[in-house]
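All remarks here apply to the structure that follows.
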């Protein structure tokens, strides 16, 4: 049988604070598990308020933090064993991040095409500069931009929405199987949020990319998700098919989140019973 694209088993993360005599341990993530199947692209949404552990979980999936318990496997390989430049390059060719603030994703002193060409050469299939330009233009057009629009420009010369699209294009250059998007629309103008959310759905449907979409916004989660996992204080309180969970949440915290959202906002076609 084919190994899952991504599998988390009893994953936990505890942070230590204080000195030797007053050190305390604070659990950020506790016993989280889920799997994304290879060859079955989906949008798996992790919902939680600030302090729920969702960003810490994302950082562990991206290899930016090591779990203190449990394991994370990518295509059957434990992420704890990914070491060295070569292995990291293979990892980045499968998993790509999209961060919350697009202005922090690029060096403000370098032109955007510098990073795009570099990604195309390092993680994509471009063997020379001309192929890097061709690949970059194709990736930008997939997100509604083009190389003539972006080339030679610095990050501050683009709007937040344009820059986030450029960040998505850079991720696409690596031809990933999985994108981890941590609050990717929270710093984008409200008028542009749905265009980026719809873009993620297009990446799933047309390019076969699975997406872990992390948000505090239940309305967006309802619109975009295939499956959903709701977290509170580092623990999973409810998970499953998004429509089922949000139509009839079983956990009190899930019901509290739903009650805090105006029903018409996250039920664009029909009211949730």
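Tabulated values for the structure
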quantity: For the chain, share of DSSP beta bridges that run antiparallel, in % to the nearest 5; calculated: 55 percent
quantity: Cα Rg over Rh - the range 197-236, Kirkwood; calculated: 1.01
quantity: Extension gain from residue 154 to residue 15, taking 0.36 nm per residue of separation minus the Cα-Cα distance; calculated: 46.3 nm
quantity: Size descriptor, Kirkwood hydrodynamic radius, that averages inverse alpha-carbon separations across the range 98-139, Å; calculated: 10.9 Å
quantity: Packing-based ranking, highest mean first, of 190-198, 89-97 given that Cβ atoms within 10 Å are counted; calculated: 89-97, 190-198
quantity: Distance in nm between pseudo-label sites at residue 259 and residue 122 (7 Å out along the Cβ direction from Cα); calculated: 4.9 nm
quantity: Antiparallel DSSP beta bridges within the range 138-271, as percent of all bridges there, nearest 5; calculated: 55 percent
quantity: In nm, spacing of pseudo-spin labels at residue 134 and residue 90 (7 Å Cα→C-beta vector); calculated: 2.8 nm
quantity: Nearest 10 degrees, 0 to 90: helix 129-142 Cα axis against the chain principal axis; calculated: 50 degrees
quantity: The range 110-263, relative contact order [Cα under 8 Å, separation at least 6], %; calculated: 16 percent
quantity: Estimated 222 nm signal from helices in the chain, with DSSP H stretches of n ≥ 4 weighted -39500 (n - 2.57), rounded to 500; calculated: -11000 deg cm²/dmol
quantity: Simple spin-label estimate for residue 186 and residue 78 in nanometres, 7 Å along Cα-Cβ; calculated: 3.2 nm
quantity: Computed FRET value (nearest 0.05) for residue 104 with residue 40, which takes r as the C-beta separation and R₀ as 22 Å; calculated: 0.10
quantity: Mean separation of Cα contacts under 8 Å (6+ apart) over length of the range 2-80, as relative contact order %; calculated: 42 percent
quantity: Reference-scaled alpha-carbon Rg (2.2 N^0.38 Å with N residues) for the range 19-127; calculated: 1.30
quantity: Full-stretch length increase - residue 233, residue 64 - with 0.36 nm per residue and alpha-carbon distance subtracted; calculated: 58.8 nm
quantity: Nearest 10 degrees, 0 to 90: helix 160-173 Cα axis against the chain principal axis; calculated: 80 degrees
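Each reported figure results from applying straightforward, stated rules to the coordinates on display, with no laboratory input. Treat the numbers as computed from the prediction; the structure is a model and nothing was measured. Cβ sites come from the backbone with ideal geometry, for glycine too, and all protein chains shown count toward neighbours.
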